[in-house]
Amino acid sequence: MNCETVRNFLDAYSTDELDLVSATEVESHLESCAECVKELSEIRSLRRVLGDPALKYGAPSALRRDVEEKPMRGRMLARIAAVLLLFVLPAAGWYIGTSRSNATQLADEITASHVRSLQGDHLLDVPSTDQHTVKPWFSGKIDFSPSVVDLKSEGFPLVGGRLDYIEHRTVAAIIYQHGKHVINVFVWPTSEEDSAARSSQHNGYNLVTWSRGGLRYTAVSDVNEQDLSHFVEMLGGAVTMKR
């Protein structure tokens, strides 16, 4: 061993922590190196000084008790946190998973109803561009009164309405047109508070959902997202004014 290597081992050598082979090599080097012997001597002297009982401080019993209790409190808090995580995380994961699952299922129902309405003669039960004909038609068929407005001046003419079935209940479907695109607006009662419109996409269709006045609205179409958002903005304003 050279001096640099030996000096890296001196501290461990001074406390007999080296294995037999390394200790033998250090001792062999010390036999011919005064500098390393001197450094070993300084290390041992420093250890003796630091080990002097006069340098030790006896902590008051109150401080010692406080120090001992803190780890115990920390372990207790850690156990409590572990128990909470054991129950809270699965519950939170279940809630989030259920919420996402419900939202996906609802989007599936709405888009499926929209697609079904475009097949054959399933689109309209009451074909009319007159809101005063469409709105009264729902009376007695459902237990709520959907707002029906005509947005022909905005490029979204009313074409009629029908009954549909969403979330295990009968809902109102109010149908609009934009160019060659059909827009279904599904309406049903909700206990949710009023909420701003939220856009999403599902199975290639654009959806916009919002709640107002105890009713939930979802507009769905293959019209582009910008036009559908503009339609909902116009419809939302008209519904607010009418109510």
When residues of the range 186-240 are limited to those that are hydroxyl-bearing (S, T, Y) and closer than 21 Å to F144 by Cα, the one surrounded by the most Cβ atoms within 10 Å (Cβ to Cβ): T218
Residue tally, condition part of a helix (DSSP H, G or I) and either of a type in the set (V, I, T) or out of contact with any helix residue (DSSP H, G or I) (no Cβ under 6 Å at 6 or more places or on another chain) (or both), over the range 12-21: 3
Residue count, the range 124-143 (criterion: surrounded by 14 or more Cβ atoms within 10 Å (Cβ to Cβ) and of a type outside the set (S, T, N, Q)): 9
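A short reminder: the numbers here are calculations on the coordinates, not readings from a lab. This one's a predicted model, so the numbers in the text were calculated from it and none came from an experiment. Virtual Cβ from ideal backbone geometry, glycine too; neighbours counted across all protein chains shown.
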